[in-house]
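Q: The structure follows.
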Amino acid sequence: MARLIPIDGSHPEGGGEVLRAALALSMLTGQGFEMTRIGAGRVRPGLRAQDVASIRAAAMASGAKVGGTFEGSPDLRFEPGPLEPGEFRFDLASPAAASFVAETLLVPLATAGEGSRLEITGGTHVPGSPSFHYLARHWAVVLADLGLHLRFELEKAGFHPAGGGEIRAEVQPWTRPATLSLEERGALVVLRGVSGASRLKGDIAERQRDAVQDQLWEKQRLDVDWELEAPGSASPGSFLYIEAIFEKSRAAFGFVGEPGVRPETLGDRAARRLLRFLEAEGAVDGYLADQLAVPLAAAGGGGRVTTDEVTPQLETVAATLVHFGFSAEAWGRRGGPGGIEVR
């Protein structure tokens with residue numbers, strides 16, 4: 001039996017990110033792993049529903065042998081087989097984030113020699129996960145600079161906690177090796193935003209938009225090119241997405257409406273986060289930095305990315321790359337500027 005890479009899953013922060021990175025790297029390298037003490041530092045330890053969804057999807061795409069694939073499991077064994085490109089449909093439990101499954105599978109599937117299509121039902125705009133808009137308008141755009149071409153479609157929005165949305169994704173075969181360097185911003189070119197609401201009374205999307213715009217204009221005389229959306233949805237909810245395009249890099253931030261939180265409050269949060277980025281150092285937002293780690297390793301040419309915010313997820317994903325034989329290093333002060341280099 002081939003040796004399984006041992007991984008400590010007890011990280012109180014970034015545990016889900018470590019799991020998804022390990023799944024993607026396992027499919028890419030063919031190396032199995034065993035993760036133990038999953039979520040031991042959390043109030044509710046063990047695998048979560050969205051973790052189980054990603055594991056089952058990865059197992060289907062790679063014909064993997066798995067053990068411990070149930071909600072609450074403290075341990076997981078994953079032994080992948082050959083990647084098989086094709087058409088896949090994954091129906092997730094309603095609150096699970098469809099974006100996590102897409103991120104886990106698309107990079108490995110791009111290396112399988114032929115294109116693949118995914119249909120994923122579940123949450124499309126869920127707190128604590130990248131929204132459909134973040135994937136389609138930000139993550140995919142940056143990955144295109146690595147030669148990795150993705151296309152996303154929103155069939156139906158699904159907001160937390162009901163979910164019930166659906167996204168479709170296509171990935172083309174990936175020609176490698178490739179490299180990517182995002183270390184400087186250059187001048188700000190444009191700010192773009194999307195404010196959306198579905199199945200809610202009142203002018204929610206407009207109020208969110210106006211709250212962001214008022215703050216940005218008052219603080220720095222900044223204007224945003226806005227789009228208002230009212231996507232078809234299986235459940236009521238709202239969202240905000242705002243992106244900053246620079247000469248040499250880009251950053252984006254997504255927010256999801258919550259019960260009891262006024263649209264103006266959500267808009268204020270979005271504006272303050274964008275302003276904090278604009279006043280800091282680093283080429284990309286903190287979430288994108290850790291979401292580029294696995295693609296940089298898979299590309300074969302590596303790369304270097306700087307960010308305004310070093311997150312626990314960035315640190316733990318860099319360590320996961322090392323487990324699978326890649327040379328990777330995250331640097332900087334947690335919560336402050338830093339970056340990641342994959343060689």
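The numbers here are math on the coordinates, done by the rules we state, and not lab data. Keep in mind the model is a prediction, meaning the values are calculated, not measured. FYI the Cβ positions are ideal-geometry reconstructions off the backbone, even for glycines, and counts take in every protein chain you see.
Q: When every alpha-carbon pair in the range 1-83 is counted, what percent end up more than 14 Å apart? Provide the component values of the computation, followed by the final result.
A: Details: 1895 of 3403 pairs.
The calculated P(r) of the range 1-83 puts 56 percent of pairs beyond 14 Å.
Q: Under a Cβ-only charge scheme (Lys and Arg +1, Asp and Glu -1), can you give me the dipole magnitude of the range 1-83 about the Cα centre, in debye to the nearest 20?
A: 100
Q: Something else now. Compute, for the chain, the length of the dipole vector about the Cα centre, with Cβ point charges of +1 (Lys, Arg) and -1 (Asp, Glu) only. Units Debye, rounded to 20. Could the numbers behind the result be given before it?
A: Values: 35 positive and 44 negative charges, 98 e Å.
The dipole magnitude comes to about 460 debye.
Q: Going toward the positive end of the dipole of the chain, with +1 on Lys and Arg Cβ and -1 on Asp and Glu Cβ, which of 294, 324, 46 do you reach last?
A: After comparing all options, I get 46.
Q: I've got another one for you. Tally Lys/Arg at +1 and Asp/Glu at -1 over every other residue whose Cβ is under 14 Å from the Cβ of residue 180; what's the total? Could the numbers behind the result be given before it?
A: Working: positive: 176, 248, 250, 304, 343; negative: 145, 183, 184, 341.
Net charge around residue 180: +1.
Q: In addition: With a 10 Å cut-off between alpha carbons and a GNM built on the chain, which of 327, 131, 249 moves the most?
A: Looking only at 327, 131, 249, the biggest GNM fluctuation is shown by 327.
Q: Sticking with this structure for a sec: What net charge do the residues around residue 21 carry, taking every other residue with its C-beta under 13 Å from that of residue 21, with Lys and Arg at +1 and Asp and Glu at -1? Numbers along the way, then the final one.
A: Values: positive: 20; negative: 17, 51, 103, 290, 315.
Surrounding charge for residue 21 is -4.
Q: Label the range 65-220 by shape, choosing from rounded, prolate and oblate, from the square roots a ≥ b ≥ c of the eigenvalues of the Cα gyration tensor; if a/c is under 1.5 it is rounded, and otherwise prolate applies when a/b is larger than b/c, oblate when it is not.
A: On the way: a/c = 2.13, a/b = 1.32, b/c = 1.62.
Since a/c reaches 1.5 but b/c is at least a/b, the shape of the range 65-220 is classed as oblate.
Q: With only Lys, Arg, Asp and Glu charged, each at its Cβ (+1 for the first two, -1 for the last two), find how big the charge dipole of the range 188-279 is about the Cα centre; round to the nearest 20 debye. Don't skip to the answer; put the middle values down first.
A: Numbers: 14 positive and 15 negative charges, 57 e Å.
In debye, rounded to 20, the range 188-279 gives about 280.
Q: Report, to the nearest 10°, how far helix 312-323 tilts away from the longest principal axis of the Cα atoms in the chain, using its own Cα long axis and a range of 0 to 90°.
A: Helix 312-323 sits roughly 20 degrees off the main axis of the chain.
Q: For the chain, what is the mean residue ellipticity at 222 nm derived from helices alone (per DSSP H run of n ≥ 4: -39500 (n - 2.57); sum divided by total residues; nearest 500 deg cm²/dmol)?
A: On the way: 9 runs with 106 residues, N = 343.
My calculation for the chain gives -9500 deg cm²/dmol from helical runs alone.
Q: Rounded to the nearest 10 degrees, what's the angle between the helix 263-279 long axis and the longest principal axis of the chain, both from Cα atoms, 0 to 90?
A: 70
Q: Out of the range 161-261, which GluC sites (Glu not before Pro) are coil in DSSP terms and have no more than 15 other C-beta atoms within 10 Å? Walk me through the numbers before you get to the answer.
A: Numbers: sites: 166, 170, 183, 184, 206, 218, 227, 229, 243, 247; in loops: 183, 184, 247.
Qualifying residues, ordered by number: 183, 184, 247.
Q: With the dipole of the chain worked out from charges on the C-beta (+1 for Lys and Arg, -1 for Asp and Glu) around the Cα centre, which of 305, 141, 194 lies farthest toward the positive end?
A: It is 305.
Q: Counting other C-beta atoms within 10 Å, which of 174, 226 has the fewest, and how do the rest follow?
A: Numbers: 174 25, 226 17.
Fewest-to-most Cβ neighbours within 10 Å comes out as 226, 174.
Q: Where does helix 204-220 land angle-wise versus the long Cα axis of the chain, in degrees 0 to 90, nearest 10?
A: 80
Q: What do you get for trypsin sites (Lys or Arg not before Pro) in the range 42-122 restricted to DSSP loop and a cutoff of at most 15 other Cβ within 10 Å of the site's Cβ? Let's see the in-between values first.
A: Details: sites: 42, 48, 56, 65, 77, 89, 117; in loops: 42, 48.
Passing both the DSSP loop test and the Cβ count: 42.
Q: Right, something else. Taking the Cα centre of the chain as the origin and placing charges on Cβ (Lys, Arg +1; Asp, Glu -1), which of 9, 213, 30 is farthest toward the positive end of the dipole?
A: 9
Q: Further, regarding this structure: What whole number of Å gives the distance from the Cα centroid of the range 249-305 to the Cα centroid of the range 85-130?
A: Between the Cα centre of the range 85-130 and that of the range 249-305, the gap is 20 Å.
Q: In sequence order, what are the phi-derived ³J(HN,Hα) couplings for the range 290-302 according to the Karplus relation 6.51 cos²θ - 1.76 cosθ + 1.60 with θ = phi - 60°, rounded to whole Hz, with x for glycine and proline?
A: Whole-Hz 3J(HN,Hα) from phi for the range 290-302: 6, 6, 8, 4, 5, x, 4, 5, 5, 5, x, x, x.
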